[in-house]
Amino acid sequence: MSINADYGEHSASEAPTTRKRASSSALQLGPRKKPTTQDPLVHHGRHFGRAVHAFCNVQTLVTNGLIRMAADGDEETLTAAERREYTVFRELLRMVPGLEHRLMDSSEEEVMTFADLIQKGANSARADDTKGMKATIIDLITPKGQSLNPHIPRNVKSGCGFNHDHTGALLCPAGLDWANTETRTKLVNGQIQVAGDQWPVMLYANYMYDPEDPWNGLLRSRLLVSAFKHIFTSPSSVNQEPKATRSGNARIHGMHCVTKASARFALISAQIFSRTDLITDSEHFYNSILALLEDPDEKEEVDQLMTWWNRQVFPLYAEVERIPSKNSALARIRQKRAEVNKRNATIGN
């Protein structure tokens, strides 16, 4: 018996037709993978989730929106919740070029496919940004020149939330005193159940809550601004030292001002170090902020808040036209134009 037979192999004469030849050498780079093309709707869906609504059933939104468009009824007959939903739908149509025509000219099955692609983008944006904040949030909450004690690992959540003195202080509901031993113990062991609308003190400027003036400093925390910049402009912009070589999400989508939803999206992403019950109650947390920002009775405070946010994130933002500097060339041009207009008006009379 031949050696080949002893090892259960064919003879050398049979080898060329039965034995597989090795493919390319393992010591050489393989062929470059072909780039995959992503449907543009996924791309737009990512921005929709960030800038319009993070928690949204896009299929239901599109279905109900098309029904209301077909009915062409008076929006005044809709409930407040239906009007909010229809507003979000119209914003989706405005955001995605050509989407309205695609929806109107497509079959029901195609419409649902479009909705699924947008949903995929919104979901992936939320997942990617929260994942990307896992390590960053530790840096953001660590005082400059100091370290957290005990140390918080970047990839482990068990030592965060109310289980850590620093994160617990940030997450303590406004109105409760983290320094109170009994309160702290009850938060740690779950005796105090915190709902999503019990906002943490970290939402406030300098983490200070005034029960006599609950609007004072609300949503003006530097932590929230840093989270927003990390997601929408660039990670390097957080420290006002832009180093990014690629355009941030805001520039890619032509975003020149902060939206209420984008600010809320930053809040969700900042909850990485949060307690477990707020993670599961994040939709309630998100919607409670939404309700406040869209409350007509709070419009004056909300407008002031959005102006403040825009000035923090977009340095070139200007809410109103600025008065030209005195004696500037622009001021002189406008003065001369006013004189000419006045003289012409006098001649005309």
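The values are calculated or read from the model by the stated rules, or taken from the named source; none is laboratory data. Every value quoted in this text rests on a predicted model; they were computed, and no experiment measured them. Cβ sites come from the backbone with ideal geometry, for glycine too, and all protein chains shown count toward neighbours. To get the accessible areas, we keep the full protein, side chains included, count just its heavy atoms, and leave off ligands, DNA and RNA. Shrake-Rupley method; radii C 1.70, N 1.55, O 1.52, S 1.80 Å.
The listed residues are GLU85, GLU91, and the only one of them that is assigned by the TED database to the domain that holds GLY121, in contact with a helix residue (DSSP H, G or I) (Cβ under 7 Å, 6 or more places away or on another chain) and modelled with pLDDT of 85 or more turns out to be GLU85. Scanning segment 140-184 for residues that are of a type in the set (Val, Ile, Thr), open to solvent by less than 70 Å² (accessible area, probe 1.4 Å) and modelled with pLDDT of 90 or more returns a single hit, THR183.
When you scan segment 104-125, do you find a residue that is within 21 Å of ARG50 (Cα to Cα), β-branched (Val, Ile, Thr) and at pLDDT 80 or above, even just one? Looking for residues that are within 21 Å of ARG50 (Cα to Cα), β-branched (Val, Ile, Thr) and at pLDDT 80 or above, one finds at least one in segment 104-125, hence yes.
Modelled with pLDDT of 70 or more and surrounded by fewer than 18 Cβ atoms within 10 Å (Cβ to Cβ): is that true of ILE347 in this structure? Taking the combined requirement at face value, the residue satisfies it. The residue pairs whose first member lies in segment 304-328 and is within 19 Å of LEU292 (Cβ to Cβ) and in the same structural domain as PHE228 (by the TED database), whose second member is open to solvent by 50 Å² or more (accessible area, probe 1.4 Å) and modelled with pLDDT of 85 or more, and whose beta carbons are closer than 8 Å, counting only pairs six or more residues apart or on different chains, are LEU305/ARG220; TRP308/ARG220. The one condition from (1) in the same structural domain as HIS284 (by the TED database); (2) in contact with a helix residue (DSSP H, G or I) (Cβ under 7 Å, 6 or more places away or on another chain); (3) under 21 Å from GLU283 (Cβ atoms) that PRO173 does not meet is (2).
Counting residues in segment 121-133 that are open to solvent by less than 60 Å² (accessible area, probe 1.4 Å), more than 23 Å from PHE285 (Cβ to Cβ) and either within 21 Å of the chain's Cα centre (by Cα) or not hydroxyl-bearing (Ser, Thr, Tyr) (or both) gives zero.
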